[in-house]
Amino acid sequence: MLLLRMLRAPGMSLALSFGLVYLAGALFFHVYRREWVGDAISRTANAMYVVFSRDPHLGAIGFVWLPGPTVIQLPLVLLMDLFHIPLFAGNLMSVLCSVATLLVLYGFLRDMGVSRGWRIALLVPYALHPMTLYYAVSGMSEAPFVLLVLIVVWQFTAYIHDRTVRPLFFGGMALAGAMWTRYEAIPLLLAVAIAITLYEVEGRDEGDPVPRTEAVLLTALSPAVLSFFMWLFFNAIITGDPLYFLNSSFGPTAQLKAFLGSQGPEVQQASKSLAAAVVFGVKRMLLASPLFLPLTAVVTGLAVYRRDWRLIGVLGIGGSQVVFAVYQLGTGGSFGWYRFFITAVPLTIVFAVVAVEPYRRTVRQRVYATVVAGMVIACGTAAYGFTLPTVALEEQPVVRHLFDPSYPDMESGRRRISEEMAAYIDRLPPGKFVYVETFQSWGVAATLRTRDRVVITNDRDSGVLLDDPVNQLDYILVPMSGGLAELGEIAQRFPGLYEFGAPWVELEREFKFDRGAWRLYRVLKGPEGTGEVPPPPAAPGGGT
């Protein structure tokens with residue numbers, strides 16, 4: 001009965017129809033064409049470390065990137081492993097979240113008084129938008145984050161309409177979920193706090209606003225604030241540093257320092273100037289949704305003129321993401337990926353619908369028609385953006401290789417070399433322990449069959465084993481030095497091991513592709529080994 005009721009829910013037939021499209025696309029993308037997206041696969045690999053490694057434990061999920069998308073994948077990894085495609089869990093996660101996003105948008109439009117025909121007309125071009133499609137099938141964290149942002153916006157408008165606790169509860173839980181998904185949830189939380197405060201103080205004239213505002217803020221923000229401090233707490237008790245996710249040798253800050261200089265001139269220029277970052281962001285928003293910026297300007301003027309605190313709040317909550325993306329880039333804190341502006345696509349619909357809700361039917365319908373036309377145009381401009389290497393730096397090589405297998409993109413090369421290394425390690429004699437560093441070799445760790453004899457960085461005893469590799473390990477897989485590899489555990493403990501080896505190891509095999517290389521060293525035992533292993537650094541090694 002519950003399943004039947006769910007299937008009869010408003011918008012379910014539309015969402016399920018596109019869900020089948022997304023699922024078919026994900027199967028084509030991952031299973032048939034065997035495409036990888038590094039960020040997506042590495043997070044699915046984290047889920048695999050939790051359940052399939054030689055030391056399965058929840059802490060193996062890692063403490064650099066927020067664990068929300070990986071936690072969602074834990075049951076999906078177990079399910080997909082039954083079909084021998086555990087890495088498809090990430091793609092399945094993004095499919096499910098994208099279907100849920102369509103249901104959320106449908107419910108939001110219904111609450112805004114949009115007729116069923118216009119709901120479908122607005123949602124179809126959104127569902128078929130290239131950014132929606134790509135992030136629905138690729139397994140990235142964009143899908144769950146967009147879902148949670150839209151729930152927050154929806155529940156904020158529902159609270160102002162109903163003035164009941166229920167929307168505050170659901171909005172607060174969505175905000176907490178966002179806090180576990182992406183660090184961009186921090187400006188989202190601040191925007192929600194400001195929007196609620198402005199509405200309660202300026203938009204209502206019922207009694208003393210101070211206690212009422214305090215109560216509303218506590219209800220809406222407590223789950224997210226608690227989530228943030230829980231993240232600090234888990235970092236502290238497991239790694240010894242509450243800010244490990246920022247301070248670790250391979251955290252976001254360290255990766256930015258190592259990698260930002262290798263980006264194109266447009267990114268480097270934008271990272272040094274807020275003005276240049278604004279131009280950078282405007283270009284990408286115009287490609288993602290040409291109507292978004294002019295619409296936002298008009299709607300902002302309307303909101304100020306009408307003193308419409310609900311509309312001002314929606315603008316602030318939704319717009320916080322693109323504003324933060326531009327700010328981060330302009331202050332050198334971001335790579336300025338195309339996907340950081342994905343919220344501009346659904347917010348084009350949201351801003352327009354909220355802005356025209358008070359107007360008569362003919363005005364609303366003209367605006368809806370304009371938005372539908374704008375979304376159709378956006379499908380073309382966003383697709384064009386995917387063909388530009390300077391704009392879609394991450395996506396363009398993958399998309400091109402998807403339709404032209406002869407194109408040598410980095411992700412397909414990484415997949416091939418990772419599978420080759422994993423197959424070689426699987427064929428090693430039984431009882432041999434191999435150390436695989438998951439920071440740069442996650443593709444190998446995720447595709448291995450003999451998981452019980454592979455020591456990974458996420459194992460709780462990995463640091464202890466690396467302290468005494470001659471007696472504890474049989475092989476070490478070493479990534480090529482330079483770039484991000486310098487931040488990894490092996491480079492930190494054994495500088496120069498890739499290039500020069502050491503008296504206690506012997507080269508077993510070298511693996512290369514055009515964007516990187518690895519060397520598998522055999523650890524020499526007994527009289528074979530000469531020299532001493534250098535002492536470990538002061539910082540603890542494993543368990544992260």
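Read-outs throughout are calculated quantities, based only on the coordinates presented, and are distinct from any laboratory measurement. Worth saying up front: this structure is predicted, and the values here are computed from it rather than measured. Please note: Cβ atoms are built from the backbone with ideal geometry, for glycine as well, and neighbour counts cover all protein chains shown.
Summary table below
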| quantity | calculated |
| --- | --- |
| Cα-centre dipole for the stretch 210-369 with unit charges at Cβ (Lys and Arg positive, Asp and Glu negative), debye to 20 | 680 debye |
| DSSP loop GluC sites (Glu not before Pro) with at most 13 other Cβ within 10 Å: longest gap in the chain | 207-531 |
| Length-normalised contact order for the stretch 410-528 - Cα pairs under 8 Å, 6+ apart - percent | 26 percent |
| Within straight-line cross-link reach of LYS283, aspartates and glutamates at Cα separation under 12 Å, skipping those fewer than 8 residues along the same chain | GLU266 |
| PHE83 versus LEU484: modelled label distance in nm, points set 7 Å from Cα along the beta carbon direction | 2.8 nm |
| Sparse-neighbourhood loop sites, trypsin sites (Lys or Arg not before Pro) in the stretch 296-337 - DSSP loop, at most 11 other Cβ within 10 angstrom | ARG307 |
| CD proxy at 222 nm, helix term only [per DSSP H run n ≥ 4: -39500 (n - 2.57); per residue of the chain; nearest 500] | -20000 deg cm²/dmol |
| Beta bridges per DSSP with both ends in the stretch 410-528, % antiparallel, nearest 5 | 70 percent |
| Length gained when the stretch GLU214-ARG34 is fully extended (0.36 nm per residue, less Cα-Cα span) | 59.7 nm |
| Viscosity 0.890 mPa s, 25 °C: Kirkwood-radius Stokes-Einstein D of the stretch 410-528 over Cα pairs, µm²/s | 172 µm²/s |
| Unit charges at the beta carbon, dipole of the stretch 249-407: most positive-side option, TYR368, PHE292, PRO265 | TYR368 |
| Theoretical FRET efficiency, 1/(1+(r/R0)^6), r = Cβ-Cβ of PHE229 and PHE500, R0 45 Å, to 0.05 | 0.50 |
| Normalised alpha carbon radius of gyration of the stretch 249-407 [divisor 2.2 N^0.38 Å] | 1.18 |
| In nm, spacing of pseudo-spin labels at ASN247 and SER406 (7 Å Cα→C-beta vector) | 5.3 nm |
| Label-point separation in nm, ILE237 to ARG54, each point 7 Å along Cα→Cβ | 2.8 nm |
